[in-house]
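Asks: Below is a structure I'd like to ask you about.
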Amino acid sequence: MMIWRIAHIALLVLPLLWMFLIPVAVHSSWSRASTFEQLKLTEFAIVRYKSLYNRLPDSLAEVRAFLRSIDIDYSPYDNYGHRLQYVKLSANEFFIKSFGPNQRLDTQLIETDLTIAHMKAPNRQPLVLVGSDTGPLSLYPAPALLGASTQASGDYYARLVVEQSSSSKRLIVLHKAQSSFVMASFHDSISEFFWLPDGRRIVFSATGSERYRDGIYIWNLENNETINLLDNIVEEHYPQKPKKFYIALSSVSLETGSIYVLLRPALTAELSPREFYHFENLIEINSKDDEFYFQQFDSGPDLFEFALSPSNQVTPGDEALPDQRNWASLPTSGSLENTIEQWQSHCAEYSESPTFPYCLWWLASLYNDAYRVLNQDAPDQAHTIRSFGIEVSRLLDEQIVAPEYLRAMGFYLKTQLENDQASDYEISDLSLP
């Protein structure tokens, strides 16, 4: 009787032991290989869909419907039982990813997630050195010149990608040597960003999303954690608790890691540059032991009391891209005609560059200055220049990649010029022939 009971228990227990004693590595290897085949099938469907319809599918549901239409069974789940991630980044760029058995995104220190990415190859964009003429309050497009760059060690590269159909603006991080490595921000309406000097964190501003909150975010790439600092800043410095802000990343100290942000409540659709670029809107953010501290500047001049020549504020590194180098040499004084022609040429030549929306604002502002100069002695020419300024301001407003504060400043300038008024700020010292 005892022998029969032992045998009965053994029949129940041995199958369970067999399940647990199967080498984990064998099961894991099979799941990983099968998941990679699932990713390859997804990639095939997306590429085929793009070739037929001249656009990327919007979702995995659309991928599944497409494959079923050509009699291919498809499930958007990997062989660990988790849903694949598909992110459409731009008109031609996307990636698909399996988070593996732990169902978590692997980060920059340990990259084991299976990923297939169709991305532009990252090119080297070193940091651009910032001069000390204006201190932390900077008018030149520091995020556009510094942001799309390598971090401290030079292994990782970050840039904004725009998906026109949905107007999404995401931040992605790529590895120069590992083509399968890609991390994408959760936020879909990012305006500007900087690498922080430690090389493991990125600060970015984000406004205008229908899904996520506006804010000033710190993204830690080691653990993929993101925190929004805006609530604490508002709690400390804005007792009226405004709902919307215009946010501009002004600069980052490469020595101390201090972050300087321009912050002003968005009370209207127009934003005066003279009121915005002022020390009273400047917030300094410092951190120690992962705690953040905020300081608001009580007073100081507006930025337009400084010399605004880009050559005084930006020194490109040896490997800077052409638009970075050219920006640093653009004039803001001298012959009216020559100055405007150089800025027009820069905008036309680098219309695909991250600096393009900023260039449009500078060009529109130069037309504003020229209108003021010509209005006294050459009213006919002034009227033509004014029309150009209005059109460039309108073009700026149409740039979905442009930060909200830049578009609001363009809208302000357009309104002023439409009312036959030169705006109350000046970025140049132009002279007539």
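The values are calculated or read from the model by the stated rules, or taken from the named source; none is laboratory data. Please read these numbers as outputs of a predicted model, since none were measured by experiment. Counting neighbours? That spans all protein chains shown, and the Cβs are built from the backbone with ideal geometry, glycine included.
Asks: Quick test of your reading of the structure: His187 fulfils all but one of (1) within 14 Å of the chain's Cα centre (by Cα); (2) in a strand (DSSP E or B). Name the failing condition by number.
Replies: Result: His187 fails condition (2) only.
Asks: Okay, moving on. Picking from Tyr260, Tyr217, which residue would you name as being crowded, with 20+ Cβ neighbours inside 10 Å and touching an Asp or Glu at 6+ places or on another chain (Cβ under 9 Å)?
Replies: Tyr260 is the lone residue from the list that is crowded, with 20+ Cβ neighbours inside 10 Å and touching an Asp or Glu at 6+ places or on another chain (Cβ under 9 Å).
Asks: Being at pLDDT 85 or above, assigned by the TED database to the domain that holds Leu39 and touching a strand residue (DSSP E or B) at 6+ places or on another chain (Cβ under 6 Å), is that true of even one residue in segment 96-110?
Replies: Yes, segment 96-110 contains a residue that is at pLDDT 85 or above, assigned by the TED database to the domain that holds Leu39 and touching a strand residue (DSSP E or B) at 6+ places or on another chain (Cβ under 6 Å).
Asks: So, one more: Considering only residues of segment 228-253 that are in contact with a Lys or Arg (Cβ under 7 Å, 6 or more places away or on another chain) and surrounded by fewer than 20 Cβ atoms within 10 Å (Cβ to Cβ), which is farthest from Glu284 (Cα to Cα)?
Replies: Asn228
Asks: Something else now. Which residues, counting only those in segment 334-346, are crowded, with 20+ Cβ neighbours inside 10 Å and within 21 Å of Ala402 (Cβ to Cβ)?
Replies: Those that are crowded, with 20+ Cβ neighbours inside 10 Å and within 21 Å of Ala402 (Cβ to Cβ): Ile340, Trp343, His346.
Asks: Would you mind finding the one in Leu374, Leu413, Leu430, Leu395 that is crowded, with 23+ Cβ neighbours inside 10 Å, touching a helix residue (DSSP H, G or I) at 6+ places or on another chain (Cβ under 9 Å) and either modelled with pLDDT of 95 or more or on the phi < 0 side of the Ramachandran plot (or both)?
Replies: So the residue among Leu374, Leu413, Leu430, Leu395 that is crowded, with 23+ Cβ neighbours inside 10 Å, touching a helix residue (DSSP H, G or I) at 6+ places or on another chain (Cβ under 9 Å) and either modelled with pLDDT of 95 or more or on the phi < 0 side of the Ramachandran plot (or both) is Leu413.
Asks: Here's something else I'd like to know. Find the strands (runs of 3 or more DSSP E) located wholly in segment 217-273 whose residues include 2 or more that are under 23 Å from Asp289 (Cα atoms), touching a residue at least 60 places away in the same chain (Cβ under 8 Å) and not small (Gly, Ala, Ser), and list them.
Replies: In segment 217-273, 245-252, 259-265 are the strands (runs of 3 or more DSSP E) which contain 2 or more residues that are under 23 Å from Asp289 (Cα atoms), touching a residue at least 60 places away in the same chain (Cβ under 8 Å) and not small (Gly, Ala, Ser).
Asks: Counting just the residues of segment 379-406 that are under 27 Å from the mean Cα position of the chain (by Cα), in a helix (DSSP H, G or I) and free of Cβ contacts under 8 Å to residues at least 24 places away in the same chain, which one comes out nearest to Gln344 (Cα to Cα)?
Replies: Glu391
Asks: Assess whether Ser75 counts as being out of contact with any Gly (no Cβ under 9 Å at 6 or more places or on another chain), under 15 Å from Ser185 (Cα atoms) and either modelled with pLDDT of 85 or more or in a loop (DSSP other than H, G, I, E, B) (or both).
Replies: no
Residues checked against (1) over 14 Å from Val203 (Cα atoms); (2) in contact with a helix residue (DSSP H, G or I) (Cβ under 7 Å, 6 or more places away or on another chain):
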| residue | (1), (2) |
| --- | --- |
| Tyr260 | no, no |
| Leu263 | yes, yes |
| Leu267 | yes, no |
| Ser287 | no, no |
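Asks: Between a residue in segment 196-210 that is of a type in the set (Lys, Arg) and any residue that is surrounded by 19 or more Cβ atoms within 10 Å (Cβ to Cβ) and part of a strand (DSSP E or B), which pairs come within a Cβ distance under 7 Å, given they are 6 or more apart or on different chains?
Replies: Sorted first by the residue in segment 196-210, then by its partner, the pairs are Arg201/Ile218; Arg201/Trp219.
Asks: Show the residue pairs meeting these rules: Cβ distance below 7 Å; 6+ apart or different chains; first residue within segment 280-294 and free of Cβ contacts under 8 Å to residues at least 12 places away in the same chain; second residue assigned to a strand (DSSP E or B) and surrounded by fewer than 17 Cβ atoms within 10 Å (Cβ to Cβ).
Replies: Tyr293/Asn286
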